[in-house]
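Only one structure is covered here, and it is reproduced in the block below.
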Amino acid sequence: MSTTATTHHQLTIRSTVTLTNGVEMPLFGLGCYEVPVDDVKNVLISALDCGYISIDTASVYKNEEAIGIVLRELFSTGALKREDLFITTKASSSEQGYDKAMEACANSLKRLGLDYVDLYLVHWPGVAGNQPTDPLNSTTRAETWRAFETLYEQKKCRSIGVSNYTIAHLEELFKQCKVRPMVNQVEFHPFLYNKELMDFCQSNGVALEAYASLVRTKQDSLQDKVLVEIATKLQKTPAQVLLRWAIQKNVIVIPKSVKTERIQENANIFGFVVPDEDMTTLDNLNCNRRVCWDPYTIL
Ligand SMILES: NC(=O)c1ccc[n+]([C@@H]2O[C@H](COP(=O)([O-])OP(=O)(O)OC[C@H]3O[C@@H](n4cnc5c(N)ncnc54)[C@H](OP(=O)(O)O)[C@@H]3O)[C@@H](O)[C@H]2O)c1
């Protein structure tokens, strides 16, 4: 796994991470959690205008259909070609198991109006309706993965991966699978800097993708004194420094915003470098601040 650019200075909005199957996944994309259906068109147009080429959604975000409508419009006018975009969606915890995952992918493709997605993720290691410690989580997600392997073979997904998997979940999957996951999408930012998981993924050919890179702006994270000092020195915003910190670690980012000016701000991270000493200072902000769900509870 490597970026197409050789040094941090050369990273662009089109830089990619080469997945183990050779698919080029953009290092930068747009998150679509809590993008209301009515905002989807403006958000996508703003993002595409700024050069975003990757879109992250999920069946549970309930906006696949709205995204599909915009994409179809853009494809039909010739403004964009399908192969210009990298589209990710996910099978939810209630879509786990072989048959359900097969059906879930078909439903997502139908809603998106696509023949294939670029990346299909198991959204969560747990299965809806089961207690976190229920052994059925483990057996059912193994069945889900079998479906993902079939979908990959059938070319419904150009690549397949997981989300919210811990090292233990990944080690279990490595023992069972024919095709290893190409991506693991997890909560990842300086306040939750899980270096062990990053190193494990990156040394096992699993690209690490960060979500909540902006800590969802929770707990005054964007006002953190150390972060603000570094941002001020670099003449960037705290949000830009957080995103840049991740991509300099070869970690994929997908910031979400419904506001055009923030969509632009978040994309404007390719003309500067966070120096090594500031990278280390940011690494040291780690305090296990988790703002989304905790997968370590799931056996
Ligand atoms: N796999 C999973 O379990 C999982 C979990 C969570 C998220 N995700 C994915 O990852 C994406 C990103 O994560 P996220 O949406 O949870 O959190 P995030 O990107 O860390 O933060 C989004 C929040 O930050 C605000 N924001 C965006 N840009 C900003 C800026 N430049 N300055 C100040 N505030 C800014 C947004 O508000 P406005 O919209 O009002 O600008 C929104 O409230 C999601 O959209 C989703 O695609 C996946």
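Filter segment 159-172 for residues that are on the phi < 0 side of the Ramachandran plot and either of a type in the set (S, T, N, Q) or away from the ligand (no atom under 16 Å from the Cβ) (or both) and give the result.
159, 163, 166, 167, 168, 171, 172, listed by residue number.
Going by the structure shown, is residue 26 in contact (Cβ under 8 Å) with a residue 60 or more places away in the chain, closer than 28 Å to residue 204 by Cβ and either away from the ligand (no atom under 14 Å from the Cβ) or not hydrophobic (A, V, I, L, M, F, W, C) (or both)? Don't jump to the end; show me each part of the working.
On the way: in contact (Cβ under 8 Å) with a residue 60 or more places away in the chain: yes; closer than 28 Å to residue 204 by Cβ: yes; either away from the ligand (no atom under 14 Å from the Cβ) or not hydrophobic (A, V, I, L, M, F, W, C) (or both): yes.
Yes: the conditions hold for residue 26.
Return yes when residue 23 is more than 22 Å from residue 239 (Cβ to Cβ) and not small (Gly, Ala, Ser) and no when it is not. Even if it seems obvious, please write down each step before you answer.
Numbers: more than 22 Å from residue 239 (Cβ to Cβ): yes; not small (Gly, Ala, Ser): yes.
It is true that residue 23 is more than 22 Å from residue 239 (Cβ to Cβ) and not small (Gly, Ala, Ser).
For segment 137-160, how many residues meet the condition of being under 19 Å from residue 296 (Cα atoms) and charged (D, E, K, R)? It would help to see each step written out before you state the result.
Narrowing segment 137-160 to residues under 19 Å from residue 296 (Cα atoms): 137-142.
Now narrow it down to the ones that are charged (D, E, K, R): 141.
Selection size over segment 137-160: 1.
Do we have any residue at all in segment 209-225 that's small (Gly, Ala, Ser), near the ligand (Cβ under 9 Å from one of its atoms) and closer than 30 Å to residue 175 by Cβ?
Yes: one or more hits.
Could you count how many residues in segment 63-79 are free of Cβ contacts under 8 Å to residues at least 40 places away in the same chain and surrounded by 16 or more Cβ atoms within 10 Å (Cβ to Cβ)? Lay out the reasoning, then the answer.
From segment 63-79, those free of Cβ contacts under 8 Å to residues at least 40 places away in the same chain are 63, 66, 70, 73-79; that's our starting set.
Then drop every residue that is not surrounded by 16 or more Cβ atoms within 10 Å (Cβ to Cβ), which leaves 63, 66, 70, 74-75.
Looking only at that region, the number is 5.
May I ask you to list the residues in segment 94-104 that are surrounded by 22 or more Cβ atoms within 10 Å (Cβ to Cβ), assigned to a helix (DSSP H, G or I) and either polar (S, T, N, Q) or touching a strand residue (DSSP E or B) at 6+ places or on another chain (Cβ under 8 Å) (or both)? So that I can check it myself, show each step before the final result.
Initially, segment 94-104 is screened for residues surrounded by 22 or more Cβ atoms within 10 Å (Cβ to Cβ), giving 95-96, 101, 104.
Of the ones still in play, those that are also assigned to a helix (DSSP H, G or I) are 95, 101, 104.
Passing the criteria: 101, 104.
For segment 249-299, how many residues meet the condition of being away from the ligand (no atom under 15 Å from the Cβ) and closer than 30 Å to residue 92 by Cα?
Residues flagged as away from the ligand (no atom under 15 Å from the Cβ) and closer than 30 Å to residue 92 by Cα within segment 249-299 amount to 6.
Only the coordinates and a few stated rules stand behind these numbers; no lab work does. What you are looking at is a predicted structure, and each value in this text was computed from that prediction instead of being measured. Positions of Cβ are generated from backbone atoms using ideal geometry, with glycine treated the same way; all protein chains shown enter the neighbour counts.
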